[in-house]
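Some notes on the structure that comes next.
The values are calculated or read from the model by the stated rules, or taken from the named source; none is laboratory data. All of these numbers come straight from a predicted model, not from anything done at the bench. We place every Cβ from the backbone using ideal geometry, glycine too, and count neighbours over all the protein chains shown.
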Amino acid sequence: MQHLLIVNGIDGPMRKQFGCDCARCADSTPQANTSVSLVSINADGEAVHHLLFDVGVGVVDSLVRNPYFIGSNARLDGIILSHWHPDHTLGLNQLCVSYHLGLRRRGITPPKIPLWCRRTSAAWVQVQNEYEWRSFLCPHVSDESYPPGTILQPVETALPDVRITPISVSHFSADRCPYAVGVSYACAAFVVETKNSKTVLLWDIDNQNEWLAAPQTESEKAAVTLMAGADNLFIDTCFWRNKTGRSTHPSYENVLRYAHTLQPQQTLLMHMSGHPDGRGNRGWGWTNAEWTAAASEEWAVQGLPGTVCLPGIGDILDL
Ligand SMILES: [Zn+2]
Ligand SMILES: [Zn+2]
């Protein structure tokens, strides 16, 4: 069995600001979102399993263009949500309804789609997507509120040779959902391991995950060990320079520190904006190409391993 990771999207969650005149906002090229499909391929080249990580706006548009899901080859065996924020869940209605209608048109009774998320994220989806939760989804709620840097129970899948391990991460307002009581860490990163490779999906996070750079407890050290040396590291990177205090997302300066600890082979920057850097500063208004060039230059200066870039829609990683 071959396993592929395919990048989804149609626009990055924070890429454009209404009323902004920067080069990034003026670029009409569709961009990757914080979503990937894990697609398992049999010896005949057919997709026999599909797990979708996050369902932001535009994800369905890229799924219908995925060469493995054309026409009756479309399939969806599970959804995994990193967290409840709307830029990761807004496509749930379009996805559930369009997939079910497509199956019915082919004479297939649609099964409920397994959905994995943490308890506080479930609280959000149950309210905001009550119709989808009730009609289309089969929730698998991880009832764990362990703090950032804790390895959680593996996600159950039908794939014997793929292991998906969630790790608790801190992510600003996601840690406090309006429909859940108190602080309960709602967000997870994922380590996807196959026989041949390790891939880390590390979005969204804030700048309070210092355990990524300097793990202290045995739990944090175990989490970093699991993530370290990955073939592919997808990582939330929203702007260039560090902010003072708590910020919603990490800067590239934060990411460089994490990369020194995690030592990935290939790094892919997700959730890019640059707007928080402010007009005229590094990062502000940069296109993906400008970000990749500047990030690569700094990567080399710091002696970090492998390459760094921004992924594009439809990029395929062979796992
Ligand atoms: Zn978020
Ligand atoms: Zn996000």
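Condition check: of a type in the set (A, V, I, L, M, F, W, C), in a loop (DSSP other than H, G, I, E, B) and at pLDDT 95 or above. Does Val55 satisfy that? Steps first, please.
Working: of a type in the set (A, V, I, L, M, F, W, C): yes; in a loop (DSSP other than H, G, I, E, B): yes; at pLDDT 95 or above: yes.
Spelling it out, Val55 is indeed of a type in the set (A, V, I, L, M, F, W, C), in a loop (DSSP other than H, G, I, E, B) and at pLDDT 95 or above.
Search the range 59-83 for residues being touching a strand residue (DSSP E or B) at 6+ places or on another chain (Cβ under 7 Å) and assigned to a loop (DSSP other than H, G, I, E, B), and hand back the single one that is farthest from Ala123 (Cα to Cα). Break it down stepwise before answering.
So in the range 59-83, the residues touching a strand residue (DSSP E or B) at 6+ places or on another chain (Cβ under 7 Å) come out as 59, 61-63, 66, 68-69, 73, 75-83.
Filter again for assigned to a loop (DSSP other than H, G, I, E, B), leaving 66, 75-77, 81-83.
Numbers: Asn66: 31, Arg75: 27, Leu76: 23, Asp77: 22, Leu81: 13, Ser82: 14, His83: 11 Å.
Going through the qualifying residues, I end up with Asn66.
Of the numbered conditions (1) within 25 Å of Ala300 (Cα to Cα); (2) within 16 Å of ligand 2 (Cβ to nearest atom); (3) of a type outside the set (Asp, Glu); (4) modelled with pLDDT under 95, Asn242 satisfies every one except a single condition; which is it?
It fails just one condition, (2).
Among strands (runs of 3 or more DSSP E) lying entirely in the range 162-219, which contain 3 or more residues that are within 13 Å of ligand 1 (Cβ to nearest atom), among the aromatic types (Phe, Trp, Tyr) and surrounded by fewer than 24 Cβ atoms within 10 Å (Cβ to Cβ)? Steps first, answer last, please.
Details: elements: 163-169, 187-193, 198-202.
Of the strands (runs of 3 or more DSSP E) lying wholly inside the range 162-219, none has at least 3 residues that are within 13 Å of ligand 1 (Cβ to nearest atom), among the aromatic types (Phe, Trp, Tyr) and surrounded by fewer than 24 Cβ atoms within 10 Å (Cβ to Cβ).
Any chance the range 156-178 includes a residue that's touching a Phe, Trp or Tyr at 6+ places or on another chain (Cβ under 6 Å), over 25 Å from Leu319 (Cβ atoms) and of a type outside the set (S, T, N, Q)? Full working, then the answer.
Going residue by residue through the range 156-178, those that are touching a Phe, Trp or Tyr at 6+ places or on another chain (Cβ under 6 Å) are 164, 166, 168, 175, 177.
From what's left, over 25 Å from Leu319 (Cβ atoms): 175, 177.
Retained after the next criterion (residues that are of a type outside the set (S, T, N, Q)): 175, 177.
Among the residues of the range 156-178, at least one is touching a Phe, Trp or Tyr at 6+ places or on another chain (Cβ under 6 Å), over 25 Å from Leu319 (Cβ atoms) and of a type outside the set (S, T, N, Q), which makes the answer yes.
Could you tell me whether the range 276-288 includes any residue that is out of contact with any Leu (no Cβ under 6 Å at 6 or more places or on another chain) and part of a helix (DSSP H, G or I)? Please lay out each step first, then the result.
We begin by selecting, within the range 276-288, every residue out of contact with any Leu (no Cβ under 6 Å at 6 or more places or on another chain); these are 276-287.
Subsequent filtering for residues that are part of a helix (DSSP H, G or I) retains 276-277.
Checking the range 276-288: at least one residue is out of contact with any Leu (no Cβ under 6 Å at 6 or more places or on another chain) and part of a helix (DSSP H, G or I).
Return the total of residues in the range 256-287 being more than 16 Å from ligand 1 (Cβ to nearest atom) and either under 16 Å from Trp203 (Cβ atoms) or out of contact with any Asp or Glu (no Cβ under 8 Å at 6 or more places or on another chain) (or both). Working first, answer last.
The initial filter retains those residues of the range 256-287 that are more than 16 Å from ligand 1 (Cβ to nearest atom), namely 256-268, 274, 277-287.
This time we only want the ones that are either under 16 Å from Trp203 (Cβ atoms) or out of contact with any Asp or Glu (no Cβ under 8 Å at 6 or more places or on another chain) (or both), so: 257-264, 266-268, 274, 277-282, 285-286.
Qualifying residue count, the range 256-287: 20.
Only one residue in His275, His249 is surrounded by 20 or more Cβ atoms within 10 Å (Cβ to Cβ) and at pLDDT below 95, so which one is that?
On the way: His249 fails: at pLDDT below 95.
His275 is the lone residue from the list that is surrounded by 20 or more Cβ atoms within 10 Å (Cβ to Cβ) and at pLDDT below 95.
So that you can scan it fast, the table gives a plain yes or no per residue for (1) within 25 Å of Val36 (Cα to Cα); (2) aliphatic (A, V, I, L, M); (3) in contact with a strand residue (DSSP E or B) (Cβ under 6 Å, 6 or more places away or on another chain):
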{"position": "Asn207", "(1), (2), (3)": "yes, no, no"}
{"position": "Glu210", "(1), (2), (3)": "no, no, no"}
{"position": "Gln216", "(1), (2), (3)": "no, no, no"}
{"position": "Ser219", "(1), (2), (3)": "no, no, no"}
{"position": "Gly229", "(1), (2), (3)": "yes, no, no"}
{"position": "Asn232", "(1), (2), (3)": "yes, no, yes"}
{"position": "Phe239", "(1), (2), (3)": "yes, no, yes"}
{"position": "Asn242", "(1), (2), (3)": "no, no, yes"}
{"position": "Thr248", "(1), (2), (3)": "yes, no, no"}
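So, of the residues in the range 4-18 that are at pLDDT 90 or above and more than 16 Å from ligand 2 (Cβ to nearest atom), which turns out to be surrounded by the fewest Cβ atoms within 10 Å (Cβ to Cβ)?
Top of the filtered list is Leu4.
For the range 19-33, indicate whether the set of residues that are of a type in the set (Gly, Ala, Ser), on the phi > 0 side of the Ramachandran plot and away from ligand 2 (no atom under 15 Å from the Cβ) is non-empty.
First pass over the range 19-33, keeping only residues of a type in the set (Gly, Ala, Ser): 19, 23, 26, 28, 32.
Those left that are additionally on the phi > 0 side of the Ramachandran plot: 19.
Adding the requirement that they be away from ligand 2 (no atom under 15 Å from the Cβ) leaves 19.
Taking every residue of the range 19-33 in turn, at least one turns out to be of a type in the set (Gly, Ala, Ser), on the phi > 0 side of the Ramachandran plot and away from ligand 2 (no atom under 15 Å from the Cβ).
From (1) outside any helix (DSSP H, G or I); (2) more than 16 Å from the chain's Cα centre (by Cα); (3) away from ligand 1 (no atom under 16 Å from the Cβ), pick out the condition that doesn't hold for Ser247.
(3)
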